Amino acid sequence: MTNEDYKITRGRVEVEVPHQNGRITFVSPAKGPETYADVQEQIMSEGLIAPTMAQTASLIYTANQNKKEPEFNEVISRLNNNWLWGFTGILYVPNKGAYIQDNPKVADGRVAMNKSELVKKLEAGDKSVRFVPFGYKLESQKASDIAKNPFVIALAGEEGTEKLAKISESYGNSPYLWSFKNVDNEIARVSGLRGYCYGGYRLLVYGNDYVDGDNGYALGVCETSTSQGAKSAQKK
């Protein structure tokens, strides 16, 4: 007769990297490969926070400089062979531009973003919401263009965008931005990053990703991370 009333607790691997004016701690290994909603659920089930694009940029920037570490090597492998979700949503509005929100609500596996609510948050100075008008540069561009691209800055913040631009220089091909010049109807999308596109290695910034792609990964963020970005993502 066996006794199955037991508990085993094994140590988890924590990866701490510089982020904004502090530090942020991710938990390795990455969750996935699953859809945006499924990866988010896996992360939250462990009491962790799903990382924003700004936080993910800080992770891959440090990982790209320290590939000898197995945890960082895994991050770059997921970036190059799959993709990394950025839990920052985008609501495209016809003839206007894009409302961008960190950790938007998810309902029935879909990102739920309401224009009027986003406008109110923006007017109230909520840092989790940004807006950028159409007219930004799309598709293939130089690293220097990515560094000053207003859409990428809205997605990842100024520091995160600078990090993404530097990361893109380590690839053999120019970085690439997926987004829209305009839309006919309001469209909600999510963000992500990938290191391979069109038969070559390059940094690909997704600004129009579907939530139901099932090949994405992400590392959860500890709630005790000491940075403005981590704190703002805890409760929405």
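Each Lys and Arg adds +1 at its Cβ and each Asp and Glu adds -1 at its Cβ; summed about the Cα centre, the range 1-120 shows a dipole of about 480 debye.
Distance between the pseudo-spin-label points of Ile187 and Ala124 (7 Å out from Cα toward the beta carbon): 3.0 nm. Here's how it looks for Gly86: its modeled amide H is under 5 Å from those of Ser191, Gly192, Leu193, which are all 5 or more places away or on a different chain. Computed from Cα positions, the angle between helix 36-45 and the longest principal axis of the chain comes to roughly 40 degrees. For the range 1-136, a Kirkwood hydrodynamic radius built from all Cα pairs, placed in the Stokes-Einstein relation at 10 °C and 1.306 mPa s, yields a translational diffusion coefficient of 92 µm²/s.
Kirkwood radius and radius of gyration were both taken over the C-alpha atoms of the chain, and their ratio Rg/Rh is 0.98. Taking Cα atoms only, the orientation of helix 70-81 departs from the longest principal axis of the chain by about 40 degrees. Output the 0 to 90 degree angle, nearest 10, between the alpha-carbon long axis of helix 150-168 and the longest principal axis computed from the alpha carbons of the chain. Here the helix axis deviates by roughly 60 degrees. Extension gain for Tyr198-Lys142 works out to 18.5 nm (0.36 nm per residue, less the C-alpha to C-alpha distance). Report the far tail of the P(r) of the range 166-210, meaning the percent of Cα-Cα pairs longer than 14 Å. Result: 51 percent of Cα pairs exceed 14 Å. Each helix, a run of at least 4 DSSP H residues, gives -39500 (n - 2.57); summed and divided by the residues of the chain, these come to -9000 deg cm²/dmol at 222 nm.
All of the numbers you see were taken from the coordinates with simple rules; none came from a lab. Bear in mind that the values here come from a model prediction, so they are computed numbers and not experimental data. So basically every Cβ, Gly included, is an ideal-geometry build from the backbone, and we count neighbours across all protein chains shown.
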